[in-house]
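Let me begin by presenting the structure, written as structure tokens, before commenting on it.
The values are calculated or read from the model by the stated rules, or taken from the named source; none is laboratory data. On a predicted model such as this, the values are computed, not experimentally measured, just so you know. In this analysis, Cβ positions are derived from the backbone assuming ideal geometry, glycine residues included, and neighbour counts consider all displayed protein chains. Side chains included, ligands, DNA and RNA excluded: accessible areas come from the protein's heavy atoms. Shrake-Rupley method; radii C 1.70, N 1.55, O 1.52, S 1.80 Å.
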Amino acid sequence: MPEMPPEINTSEPHPARIYDYFIGGRNNFAADRETAAKVLRRSPAAHIAARENRSFLGRAVRYLTAEAGIRQFLDIGTGLPATSNVHEVAQEIAPSAHVVYVDNDPLVLTHARALLTSAPEGRTAYIHADLRDPAAILSHPDTRAVLDFGRPIALILVAILHFVPDEFKPAEIIASLVDALPPGSYLVASHLTTEHDPAATSAGQQTMREAGMTMQKRDSADFGDLAFSGLELVPPGVALVSEWRPTGIGPRPLPSEVNCYGGVARKP
């Protein structure tokens with residue numbers, strides 16, 4: 001990779017590393033764990049939301065690969081490598097799948113080799129970039145080398161849009177990305193909400209803000225309008241991530257424990 005990793009500031013928490021902590025990862029620092037612990041004290045189910053969101057991502061990628069026939073993925077806000085990364089899920093079904101990962105946490109860049117273990121028939125790339133600069137992502141040489149914008153692409157914006165408050169014009173960012181995709185492409189997105197446990201989830205949001213991270217949780221209707229305007233939602237539409245095409249027969253967590261909506265939609 002041509003980029004050199006920017007300096008990692010271990011004294012400041014980062015959303016990707018807090019998320020890593022919540023899903024049981026080890027790629028986090030004391031500042032991340034301290035902030036995560038504060039979030040859990042105020043919002044005890046926050047880790048459930050993270051884990052259900054991760055499971056939703058896997059189910060969405062399986063649907064897109066196995067049922068929708070998608071072979072290309074642009075995953076923005078990748079987070080730190082974990083189990084069942086997008087290329088692992090997709091290439092288990094279609095070894096020729098191509099994936100471009102994008103994140104702005106320099107620690108993800110240092111672990112990028114784990115995201116680049118592609119099947120021989122496929123291809124992966126990682127670029128250090130920010131969702132708030134979609135033009136830089138779309139024009140990046142690695143993006144253009146790995147993805148064919150003449151064929152459908154699945155854009156993944158999972159657990160990232162709530163870190164883009166209205167002042168950063170998230171609708172314009174999403175429109176820039178979706179407009180660049182050919183017809184037949186898909187958008188996968190998820191978003192935290194305060195609908196089902198307003199006191200605890202609002203307190204958790206405030207903890208993240210106090211730690212220096214921008215965050216704006218939105219209700220399901222606002223999220224749906226923001227992410228999927230002009231697109232064709234795949235059934236069941238916008239749903240709690242735990243209720244989007246669930247597998248297994250065991251009990252699922254309560255809405256007040258999940259507090260995260262997700263959906264998949266097709267560009268006509």
Using only Cα atoms, figure out Rg for the chain and give it as a multiple of 2.2 N^0.38 Å.
-> 0.94
Using a Förster distance of 22 Å, how high is the FRET efficiency between GLU232 and ILE93, based on the Cβ-Cβ distance and rounded to 0.05?
-> 0.45
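Going from most exposed to least, what order do TYR261, TYR19, TYR126 have by accessible area with a 1.4 Å probe? Intermediate values should be presented prior to the final figure.
On the way: TYR261 25, TYR19 50, TYR126 0 Å².
So, going from the largest accessible area down, we get TYR19, TYR261, TYR126.
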Considering the dipole of segment 69-184 built from charges on the beta carbon (Lys and Arg +1, Asp and Glu -1) around the Cα centre, which of ASN85, ILE173, PRO152 is farthest to its positive end?
-> PRO152
Which shape class, rounded, prolate or oblate, goes with segment 124-217 when its Cα gyration tensor gives a ≥ b ≥ c as root eigenvalues, a/c under 1.5 marks rounded, and past that a/b bigger than b/c marks prolate?
-> prolate
Spatially proximal aspartates and glutamates relative to LYS169 (Cα-Cα < 18 Å; intrachain offsets below 8 disregarded) | ASP130, ASP133, ASP179, ASP219, ASP222, ASP225
Can you pull the accessible area of SER55 for me, 1.4 Å probe, Å² to the nearest 10?
-> 60 Å²
